[in-house]
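*Asks:* A single structure is presented below for examination.
The values are calculated or read from the model by the stated rules, or taken from the named source; none is laboratory data. Note that the coordinates shown come from a computational prediction; the quantities given were computed from them, not determined experimentally. Every residue, glycine as well, gets a Cβ built from its backbone with ideal geometry; the counts of neighbours run over all protein chains shown.
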């Protein structure tokens with residue numbers, strides 16, 4: 001092994017350590033890129049319809065988003081707040097119901113005894129420290145989200161300049177391929193965002209209508225949670241189903257079965273019919289790839305890694321197809 005190989009290996013090791021130390025900065029930057037692409041999709045549509053430059057189109061899109069968000073908040077927020085208050089009042093009844101069910105099953109521990117043990121002072125002291133740490137983490141997350149939104153607006157304001165910076169950092173013989181690669185990554189990411197937004201909106205509306213027809217309490221709140229967690233495939237829909245199932249359990253076991261059948265039918269329709277149709281022209285991830293990416297990034301970066309795992313895999317899939325497959329594997333003789 002010569003000196004050049006050792007120097008290259010050492011440089012790669014230093015680069016890996018630097019990336020690991022700056023992982024949260026890179027995560028915020030990638031989240032800003034995702035938001036910038038989400039803004040670029042309506043900006044491009046507005047500029048096709050109206051002769052506007054990019055800054056004016058960006059302002060128009062932001063004002064439109066604020067207007068639509070304000071209207072939705074005015075229509076749905078009072079009902080959501082009322083249902084959230086109902087949820088807090090239903091939690092003791094749900095705990096009692098679960099405890100009574102647990103007492104009927106011999107191999108389950110006594111939930112009521114465990115809940116009473118959690119109420120002692122020795123158990124509550126560590127929880128207080130954890131709550132303080134959670135509050136500090138929430139403040140840090142809020143600052144990161146604000147920085148992410150600001151970076152996204154700056155990226156959406158002038159994407160060409162940022163693209164030229166990335167291309168300039170590429171070796172000259174590969175710059176034409178880099179321009180094409182960035183364009184395909186943007187197209188794939190924009191198509192994935194548009195498809196998942198339509199899928200999540202459909203899940204929200206269908207779940208709301210189904211729970212309302214079944215007469216399940218907190219239908220709007222449960223449907224909103226199900227719609228938002230659609231952006232976290234495989235894990236999200238299953239976790240979102242717990243809320244309507246818990247509320248239905250307070251009504252009757254028959255209502256619990258009805259809600260379970262409703263959610264299973266909607267989840268299968270979304271996963272195997274709606275999402276493949278919406279993403280057939282952009283990118284379609286294998287469930288095993290999506291779940292593996294969520295588990296790996298969740299273990300490394302926590303909740304933020306789980307939320308950004310899918311858009312990151314969308315970009316990496318395009319990069320692997322254009323670089324690893326076409327530039328390396330197809331030319332390997």
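*Asks:* Restricting attention to the range 242-263, report how many residues are under 14 Å from residue 217 (Cα atoms) and touching a residue at least 24 places away in the same chain (Cβ under 8 Å).
*Replies:* The number of residues fulfilling the criteria is 11.
*Asks:* Does any residue of the range 12-21 turn out to be over 30 Å from residue 144 (Cβ atoms), out of contact with any strand residue (DSSP E or B) (no Cβ under 7 Å at 6 or more places or on another chain), free of Cβ contacts under 8 Å to residues at least 60 places away in the same chain and outside the structural domain of residue 148 (by TED's automatic domain parsing)?
*Replies:* no
*Asks:* I'd like the residue in the range 300-323 that is more than 15 Å from residue 32 (Cα to Cα) and modelled with pLDDT under 80 and, out of all such residues, is nearest to the chain's Cα centre (by Cα).
*Replies:* 306
*Asks:* Tell me whether the range 179-195 contains one or more residues that are without any contact (Cβ under 8 Å) to a residue 24 or more places away in the chain, more than 21 Å from residue 326 (Cα to Cα) and surrounded by fewer than 18 Cβ atoms within 10 Å (Cβ to Cβ).
*Replies:* no
*Asks:* Within the group 87, 35, which residue is under 30 Å from residue 242 (Cβ atoms), assigned to a helix (DSSP H, G or I), in contact with a helix residue (DSSP H, G or I) (Cβ under 7 Å, 6 or more places away or on another chain) and modelled with pLDDT of 90 or more?
*Replies:* 35 is the lone residue from the list that is under 30 Å from residue 242 (Cβ atoms), assigned to a helix (DSSP H, G or I), in contact with a helix residue (DSSP H, G or I) (Cβ under 7 Å, 6 or more places away or on another chain) and modelled with pLDDT of 90 or more.
*Asks:* Here's another thing I want to ask about it. Of the residues that sit in the range 198-217 and are in contact (Cβ under 8 Å) with a residue 40 or more places away in the chain and within 21 Å of the chain's Cα centre (by Cα), which one is surrounded by the fewest Cβ atoms within 10 Å (Cβ to Cβ)?
*Replies:* 198
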